[in-house]
1. Inside the stretch 1-17, can you point out the residues that are within 15 Å of residue 87 (Cα to Cα) and either part of a helix (DSSP H, G or I) or touching a helix residue (DSSP H, G or I) at 6+ places or on another chain (Cβ under 7 Å) (or both)?
2. Within the stretch 1-16, can you find the residues that are of a type outside the set (D, E, K, R) and more than 10 Å from the ligand (Cβ to nearest atom)?
3. Report whether or not residue 23 is farther than 18 Å from residue 175 by Cβ, surrounded by fewer than 15 Cβ atoms within 10 Å (Cβ to Cβ) and modelled with pLDDT of 95 or more.
4. One residue is enough: does the stretch 57-78 have a residue meeting the conditions assigned by TED's automatic domain parsing to the domain that holds residue 3 and either within 16 Å of the ligand (Cβ to nearest atom) or closer than 17 Å to residue 9 by Cα (or both)?
5. How do the pairs read when you match residues in the stretch 166-184 that are in contact (Cβ under 8 Å) with a residue 12 or more places away in the chain and of a type in the set (Ser, Thr, Tyr) with residues anywhere that are part of a helix (DSSP H, G or I) and within 11 Å of the ligand (Cβ to nearest atom), using Cβ under 9 Å and keeping only pairs 6 or more apart or on different chains?
6. How about the stretch 23-37: which of its residues are farther than 14 Å from residue 180 by Cα and either in contact (Cβ under 8 Å) with a residue 24 or more places away in the chain or within 15 Å of the ligand (Cβ to nearest atom) (or both)?
7. Considering only the stretch 94-115, state which residues are within 14 Å of the ligand (Cβ to nearest atom) and in contact with a Phe, Trp or Tyr (Cβ under 6 Å, 6 or more places away or on another chain).
8. Cβ-Cβ under 8 Å, sequence separation 6+ or interchain: first residue in the stretch 193-206 and under 19 Å from residue 181 (Cβ atoms), partner at pLDDT below 95 and part of a strand (DSSP E or B). Which pairs?
Amino acid sequence: MRFAVFASGQGSNLQAIIEAVQKGVIKSELALVFSDNHKAFALKRAQAVGIKTLCLERKDYVSPQSYDRDLLIYLKEAQIDFIVLAGFMRLLTPFFIKEYYQRILNIHPALLPAFKGMQGIKDTFTYGVKVAGVTVHFVDDKIDHGPIILQQAFKVSHKETLESLEARIHKIEHKFYPKAIALFVEGRLKIRGRKVTILERSASPSVAKDAVDQKEFDSPEPS
Ligand code: GRF
């Protein structure tokens, strides 16, 4: 299997994914890093380790549809089987999502369905919740909405600042996203409606075995 990571900014999650591929945690080829922003540091991270990059800027297209049509041509050329969104700030069109139906993963820095949208961490902090977290989910045609793969929650202390909360969330994301991607690659995610069941590891990914609890994938609470 070959996959692409889509990123618009820093790319710290991309870095974690690159390392997980290098260590063999994700047994799939990261064949392309795509961005909608030529200034994205994520592109530099990919180039530094020799991963092919592609950048298409929205301003060069007449419509989101024409942009996504072009993008699909590049993805087909690169034989991309699935897509991982890691801080990708552009909405994909329903037409694009249909082409990669149940083959696009996203990470959101909050416990969905709470705090959807671009400012998940800031909104979590401002709301004053006592429990925050991270969600990895499949992408569907509504924002931050598709079936949930994994979630990790942690307690928010009264001493928390926006910066400390951000740091804790990123630390979890960097462990958590590679795990979720590995589950997908191993064929261990079974989707029925909104419910995603995680199957036990099996010699052959096509053999459906018993479901396992998410606990197996939880990382310890960061200090
Ligand atoms: C992450 O917090 C992710 O949850 C959100 O965008 C941020 C991207 O950070 N979707 P980075 O570019 O991976 O550092």
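The values are calculated or read from the model by the stated rules, or taken from the named source; none is laboratory data. Here the structure is a predicted model, which is why all the values come from computation and not from measurement. Neighbour counts run over all protein chains shown; Cβ positions are idealised from the backbone, glycine included.
1. 4, 5, 7, 9, 10, 11, 12, 13, 14, 15, 16, 17
2. 1, 3, 4, 6
3. no
4. So far as the stretch 57-78 goes, yes, one or more of its residues are assigned by TED's automatic domain parsing to the domain that holds residue 3 and either within 16 Å of the ligand (Cβ to nearest atom) or closer than 17 Å to residue 9 by Cα (or both).
5. 177/13; 177/16; 177/17
6. Within the stretch 23-37, 29, 30, 31, 32, 33, 34, 35, 36, 37 meet the criteria.
7. 107
8. 197/211; 198/211; 199/211; 200/211
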